[in-house]
Amino acid sequence: MPPHCLSAEDEQRCRRLLAGATARLRARPAAAAVLVPLCSVRGIPALLYTLRSSRLAGRHKGDVSFPGGKWDPTDQDVVHTALRETREELGLTVPEEHVWGILQPVYDQQKTTVVPVLAGVGPLDPQSLRPNPEEVDKVFALPLAHLLQEQNQGYTHFCQRGHFRYTLPVFLHGPHRVWGLTAVITELTLQLLAPGAYQPRLALPKWSTG
């Protein structure tokens with residue numbers, strides 16, 4: 001990963017690339033939003049992840065995810081949904097001006113729209129956060145350099161009735177496996193942050209990205 005990936009120039013480049021989608025998607029209704037927190041841990045650029053509580057109901061309990069959740073009627077837009085959920089889950093307040101923009105929406109198998117919101121949260125010690133134990137079991141960061149190394153990238157091929165259907169990314173060899181929609185969002189983030197350094201080789205299902 002280039003050492004300047006968190007520079008002001010890189011931030012402005014990303015903001016420019018995301019500006020059109022952000023203006024188009026920000027006020028569009030969506031069922032859920034997540035924050036993709038770009039942070040610096042001991043000077044090393046990283047993405048911040050959560051491990052969902054094993055006490056939660058539903059099929060995603062215990063999964064790695066980005067902080068986020070369902071839209072609430074009090075939210076002005078999807079950016080506010082992501083920021084509110086991050087504050088509720090991690091006790092981390094991210095100012096709106098730290099939001100770089102909105103990434104490509106993704107969709108789960110139930111066709112639920114999930115909007116990823118990229119934000120720079122600055123220098124951070126994940127161990128200093130006090131996550132809500134009802135929602136989050138653990139918080140951890142993965143360096144961008146780790147995510148960009150091919151030996152840490154995997155792919156899961158899905159078949160149905162004996163026929164290949166689609167491939168999803170998996171990021172390996174961290175404290176927890178990153179897979180599912182969180183891995184898809186991670187891939188979209190890496191493509192934006194490190195153009196040329198990350199080459200997706202996926203056949204994504206129609207429900208995963210718009």
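The values are calculated or read from the model by the stated rules, or taken from the named source; none is laboratory data. Just so it is clear, the structure is predicted and the values come from calculations on it, not from any experiment. Here the Cβ positions follow ideal geometry from the backbone for every residue, glycine too, while neighbour counts run over all protein chains shown.
The table below gives the values:
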{"quantity": "Unique match (being surrounded by fewer than 21 Cβ atoms within 10 Å (Cβ to Cβ), at pLDDT 85 or above and either of a type in the set (Val, Ile, Thr) or not in a helix (DSSP H, G or I) (or both)) among 200, 175", "calculated": "175"}
{"quantity": "Residue match in the stretch 101-108 (condition: among the charged types (D, E, K, R), closer than 23 Å to residue 138 by Cβ and part of a loop (DSSP other than H, G, I, E, B))", "calculated": "yes"}
{"quantity": "Tally, over the stretch 128-138, of residues that are free of Cβ contacts under 8 Å to residues at least 60 places away in the same chain and either buried (at least 19 other Cβ atoms within 10 Å of the Cβ) or over 29 Å from residue 15 (Cα atoms) (or both)", "calculated": "2"}
{"quantity": "Criterion (free of Cβ contacts under 8 Å to residues at least 40 places away in the same chain, surrounded by 15 or more Cβ atoms within 10 Å (Cβ to Cβ) and within 18 Å of the chain's Cα centre (by Cα)) met by exactly one of 180, 120, 154", "calculated": "154"}
{"quantity": "Subset tally (residues that are under 16 Å from the mean Cα position of the chain (by Cα) and not aliphatic (A, V, I, L, M)) for the stretch 139-151", "calculated": "3"}
